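The values are calculated or read from the model by the stated rules, or taken from the named source; none is laboratory data. All figures in this text were calculated on a predicted structure; none of them were measured in a lab. Note that we place each Cβ from the backbone using ideal geometry, even for glycine, and neighbour counts take in every protein chain shown. Heavy atoms of the whole protein, side chains included, go into the accessibility calculation; ligands, DNA and RNA do not. Shrake-Rupley method; radii C 1.70, N 1.55, O 1.52, S 1.80 Å.
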Amino acid sequence: MENKQDKKIRAIITGCTGMVGEGVLHECLLHEDVEEVLVIGRRSCGVTHPKLKEIIHTDFFDISPVKEQLKNYNACFFCLGVTSLGKKEDEYYRLTYTLTMHFAQTVSSLNSDMTFCYVSGAATDSTEKGRSMWARVKGKTENDLMKLPFKKVYAFRPGFMRPTQGLKHALGFYKIITWLYPLLRASFPKFVTTLKEVGIAMINTVNKGPENSILEVKDIVELAKK
């Protein structure tokens, strides 16, 4: 039975042509607490559903042309991201920190009741001073997102995620070793989760979110059970 205090969720999702965004979108479309989903991306996510609206927008460094369409939402699941492999720090910083902050600053100015979930990564460096370039940049992104006027910000730090069966954007590496998932989960429970758990945990942040803003794998698994 739905809690009387629970509110229906109207979520913006980015990164839906990638593995994580596609999985989160899938869970949102199935979940009874989610009444509306707006996907914004550079190309179509290829999904149709009565709950779903879509904006195709190619320049995430300037979302002013679609700004008015981003009003009246109470959740944003930011799943857009790039690999640091082959990138110099200034390029990775621009595509990770600058892009994310521009989008977040815009939606926070439009939606004061919004919960913002950011897909970060295991081993992200909150001190911003470590030797790993990507971890420093992710850490700064997490830290500065939490200074914005959202209702709440959560940084998701998943490790290995078992892909959701039937979806099309699973990374090749994940597809190859999915058969090892039961062994990995049993051996490394602090580092292994499922994409389904990540999606449900994001949904649950809106009405059942914990006090801590940084969610490691164990926190994600626990939140998905609520």
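Some points to look at:
- Tyr154 accessible area, 1.4 Å probe, all protein chains in place, Å² to nearest 10: 10
- Applying a 4.7 Å Cβ-Cβ cutoff to the chain leaves Cys28, Cys76, Cys79, Cys117 as cysteine residues with no disulfide-compatible partner.
- Selected from Leu25, Leu167, Leu145 as most flexible by GNM, with the chain as the system and alpha-carbon contacts under 10 Å: Leu167
- Relative contact order [Cα under 8 Å, 6+ residues apart], the chain, whole percent: 20
- Length gained when the stretch Asp90-Val47 is fully extended (0.36 nm per residue, less Cα-Cα span): 12.1 nm
- Solvent-free Debye scattering, log10 I(q)/I(0), computed from the Cα coordinates of the chain at q = 0.09 Å⁻¹: -0.34
- Interchain or long-range residues, amide H under 5 Å from Arg162's placed H: Thr193, Thr194, Leu195
- Our summary of shape: the Cα atoms of the stretch 1-55 have principal axis extents of 38, 19, 15 Å, ordered from largest down, in whole angstrom.
- Taking only Cα atoms of the stretch 1-131, radius of gyration then Dmax in Å: 15.5, 50
- Residues Leu184 and Glu68, FRET efficiency given R0 of 30 Å [Cβ-Cβ distance, rounded to 0.05]: 0.10
- In this structure Cys28 has an accessible area near 0 Å², from a 1.4 Å probe over the protein heavy atoms.
- With every protein chain in place, the chain: carbon and sulfur % of accessible area (1.4 Å): 54
- Think of a 1.4 Å ball rolled over the protein heavy atoms: the chain then has 50 Å² of accessible area per residue.
- Candidate residues Thr48, Thr14: accessible-area rank, largest first, probe 1.4 Å: Thr48, Thr14
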